[in-house]
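Okay, so here's the structure we're looking at.
The values are calculated or read from the model by the stated rules, or taken from the named source; none is laboratory data. Just so it is clear, the structure is predicted and the values come from calculations on it, not from any experiment. Neighbour counts are summed over all protein chains in view; Cβ atoms, including those assigned to glycine, are modelled from backbone coordinates with ideal geometry. Accessible surface is based on the protein model in full, side chains and every heavy atom, while ligands, DNA and RNA are left aside. Shrake-Rupley method; radii C 1.70, N 1.55, O 1.52, S 1.80 Å.
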Amino acid sequence: MSRPVRIALIPGDGVGGEVMAEAAPCLDWAAVRGRCLEAVPLPYGAEHYLATGETLPEHAFTALRDGCDAVLFGAVGDPRIPDGRHAEQILLRLRQGLELTVNFRPCRPLLPGFQAGLDLEIFRENTEGPYCLQGTTEPGRAVDFAIHTEPAVRRLLETAFQRAAERGRPLLLAHKANVLKHGHGLWLRVFEDLRPQFPGVATRTMHADALLCALVQEPKGFAIIAADNYLGDLISDLTAAYLGGMGMAPSLSWAPHRPFRCAALAEPVHGSAPDIAGQGLANPVGMFLSLALLFGHLGWEPEATALEAAVGGALQTGFRTRDLGGTHSTTEMGQAVRSRLGR
Ligand code: GGG
């Protein structure tokens, strides 16, 4: 018998626990359908940190890296820890420590009558740029470094090129090499270097500021967009608006070079939203769609398709959480999705 796919569940902070509670039963549904899996709940987040002083201890990171296949993550961020130290040591540690270079953020709207037919995919580098967390604050001066290494840039761009080739769609690289000459100069060089390997892919590069303006004016003029960590974060937060808001936006990160057993992490794009946490107001759709991306990544296409269709069905029949202008609670939306899976 093949070993079970082990999926670590880390709800994290704020609304993370609420959206996790809605999506996690879909793992039982997949298991009932015959997928051999094991869920591994982990407590790491603000509450655990405040109670124990532990963020993500090294032994737990190693056990997860070597003993799990993927992570389903909620959100981190808590006003009781204003410097966000625990968030860095949990989420950024996972992204960087597992070398999850690729962060995939699709934008395919599901709300009826809203941006129908839009099909954007953002490939965001996930471990470097200014998110390397190196810098200093001195009297009257603050410095944040941004690191871009050729292996990570190449892995991200190769993945985006492969996707563009598979889907027969154009690929655009967003950059600011006119100002960030060193880092984004490297991105342009690697992009140019890879182009001959994908002769069927139409390519374009664009300054990120001009791209943001054009994405607002004419989103259907774009297809697959690759960018560094910082720009990719901003671009995909903008495109989340075309889905109906941050609560609707899914993401999947993975390590194309598979250095460790644990090579994928699914999480909604939204953060912990402490202002609405604990009130049943969070939208679980981004979490459901992230899990659907993870199912697809595991090769469980029927489950990925069924879960995405269940979300689409719930939205078609009028289920709306408050961020979408409705009155349904997190649980009502979750039940509406799961009932379409027979759960
Ligand atoms: N699921 C993405 C996530 O948790 N990102 C961390 C983040 O943006 N935290 C800030 C916040 O929660 O406001």
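Tell me, yes or no, whether segment 104-112 has at least one residue that is buried (at least 20 other Cβ atoms within 10 Å of the Cβ), in a helix (DSSP H, G or I) and out of contact with any Cys (no Cβ under 7 Å at 6 or more places or on another chain).
So far as segment 104-112 goes, no, none of its residues is buried (at least 20 other Cβ atoms within 10 Å of the Cβ), in a helix (DSSP H, G or I) and out of contact with any Cys (no Cβ under 7 Å at 6 or more places or on another chain).
Could you tell me whether any residue of segment 62-73 is at pLDDT 95 or above and touching a His at 6+ places or on another chain (Cβ under 8 Å)?
Yes, there is a match, as at least one residue in segment 62-73 is at pLDDT 95 or above and touching a His at 6+ places or on another chain (Cβ under 8 Å).
Of everything in segment 40-86, what is basic (Lys, Arg) and either surrounded by 22 or more Cβ atoms within 10 Å (Cβ to Cβ) or closer than 21 Å to Gly14 by Cα (or both)? Give them in sequence order.
Once the filter is applied, which keeps residues that are basic (Lys, Arg) and either surrounded by 22 or more Cβ atoms within 10 Å (Cβ to Cβ) or closer than 21 Å to Gly14 by Cα (or both), segment 40-86 yields Arg80, Arg85.
Test Thr136 against the stated conditions and say whether it is open to solvent by 20 Å² or more (accessible area, probe 1.4 Å), more than 14 Å from Ala226 (Cβ to Cβ) and outside any loop (DSSP other than H, G, I, E, B).
Numbers: open to solvent by 20 Å² or more (accessible area, probe 1.4 Å): yes; more than 14 Å from Ala226 (Cβ to Cβ): yes; outside any loop (DSSP other than H, G, I, E, B): yes.
So Thr136 passes the test.
Applying the selection to segment 323-343, what residues are in contact with a helix residue (DSSP H, G or I) (Cβ under 9 Å, 6 or more places away or on another chain), of a type outside the set (Ser, Thr, Tyr) and assigned to a helix (DSSP H, G or I)? Spell out the reasoning first.
Initially, segment 323-343 is screened for residues in contact with a helix residue (DSSP H, G or I) (Cβ under 9 Å, 6 or more places away or on another chain), giving 323-324, 326, 328-331, 333-343.
Those left that are additionally of a type outside the set (Ser, Thr, Tyr): 323-324, 326, 328, 333-338, 340-343.
The answer is Asp323, Leu324, Met333, Gly334, Gln335, Ala336, Val337, Arg338.
For segment 199-207, does any single residue satisfy the condition of being within 23 Å of Leu156 (Cα to Cα) and in contact (Cβ under 8 Å) with a residue 60 or more places away in the chain?
Among the residues of segment 199-207, not one is within 23 Å of Leu156 (Cα to Cα) and in contact (Cβ under 8 Å) with a residue 60 or more places away in the chain, which makes the answer no.
Given the conditions (1) touching a helix residue (DSSP H, G or I) at 6+ places or on another chain (Cβ under 7 Å); (2) open to solvent by less than 50 Å² (accessible area, probe 1.4 Å); (3) in a helix (DSSP H, G or I); (4) over 25 Å from Asp69 (Cα atoms), report the number of the one that Gly313 does not fulfil.
Gly313 satisfies all of (1) touching a helix residue (DSSP H, G or I) at 6+ places or on another chain (Cβ under 7 Å); (2) open to solvent by less than 50 Å² (accessible area, probe 1.4 Å); (3) in a helix (DSSP H, G or I); (4) over 25 Å from Asp69 (Cα atoms) except (1).
Within segment 1-38, can you find the residues that are in contact with a Leu (Cβ under 7 Å, 6 or more places away or on another chain) and either open to solvent by 50 Å² or more (accessible area, probe 1.4 Å) or in a helix (DSSP H, G or I) (or both)?
Met20, Ala23, Cys26, Leu27, Trp29, Ala30, Ala31
Please determine whether any residue of segment 200-221 is within 16 Å of the ligand (Cβ to nearest atom) and either open to solvent by 40 Å² or more (accessible area, probe 1.4 Å) or assigned to a helix (DSSP H, G or I) (or both). Quick ask: steps written out before the conclusion?
The initial filter retains those residues of segment 200-221 that are within 16 Å of the ligand (Cβ to nearest atom), namely none.
Among the residues of segment 200-221, not one is within 16 Å of the ligand (Cβ to nearest atom) and either open to solvent by 40 Å² or more (accessible area, probe 1.4 Å) or assigned to a helix (DSSP H, G or I) (or both), which makes the answer no.
Considering every residue within segment 87-97, establish whether at least one is open to solvent by less than 20 Å² (accessible area, probe 1.4 Å) and assigned to a loop (DSSP other than H, G, I, E, B).
No - not one qualifying residue is present in segment 87-97.
What is the residue count in segment 238-275 for residues that are open to solvent by 30 Å² or more (accessible area, probe 1.4 Å) and away from the ligand (no atom under 13 Å from the Cβ)?
Residues meeting the conditions: 9.
In the list Gly67, Gly84, Gly97, which residue meets the criterion of being out of contact with any Pro (no Cβ under 7 Å at 6 or more places or on another chain), within 11 Å of the ligand (Cβ to nearest atom) and of a type in the set (Gly, Ala, Ser)?
Residue meeting the stated conditions: Gly84.
Which of (1) away from the ligand (no atom under 15 Å from the Cβ); (2) open to solvent by 40 Å² or more (accessible area, probe 1.4 Å) is the odd one out, the single condition Gly278 does not satisfy?
Unmet for Gly278, out of (1) away from the ligand (no atom under 15 Å from the Cβ); (2) open to solvent by 40 Å² or more (accessible area, probe 1.4 Å): (1).
Suppose we filter Leu294, Leu324 for residues that are in contact (Cβ under 8 Å) with a residue 24 or more places away in the chain, open to solvent by 10 Å² or more (accessible area, probe 1.4 Å) and of a type in the set (A, V, I, L, M, F, W, C); which single one remains?
Leu324
Against the definition (away from the ligand (no atom under 16 Å from the Cβ) and open to solvent by less than 10 Å² (accessible area, probe 1.4 Å)), how does Phe319 come out, yes or no?
no
Name the residues in segment 70-81 that are within 7 Å of the ligand (Cβ to nearest atom) and assigned to a loop (DSSP other than H, G, I, E, B), would you?
Answer for segment 70-81, where residues must be within 7 Å of the ligand (Cβ to nearest atom) and assigned to a loop (DSSP other than H, G, I, E, B): Val76, Gly77.
Residue check, Ala146 against (1) out of contact with any Cys (no Cβ under 8 Å at 6 or more places or on another chain); (2) crowded, with 18+ Cβ neighbours inside 10 Å, all met but one. Which one?
(1)
Can you pull out the residues in segment 281-292 that are more than 10 Å from the ligand (Cβ to nearest atom) and either out of contact with any helix residue (DSSP H, G or I) (no Cβ under 7 Å at 6 or more places or on another chain) or not aliphatic (A, V, I, L, M) (or both)?
Asn283, Pro284, Phe288 - these are the residues of segment 281-292 that are more than 10 Å from the ligand (Cβ to nearest atom) and either out of contact with any helix residue (DSSP H, G or I) (no Cβ under 7 Å at 6 or more places or on another chain) or not aliphatic (A, V, I, L, M) (or both).
Please name all residue pairs, on different chains or six or more residues apart, with Cβ atoms under 6 Å, provided the first residue is in segment 257-274 and is assigned to a loop (DSSP other than H, G, I, E, B) and the second residue is more than 16 Å from the ligand (Cβ to nearest atom).
Pro259/Glu99; Phe260/Arg65; Arg261/Asp66; Cys262/Leu64; Cys262/Arg65; Cys262/Cys68; Ala263/Ala255
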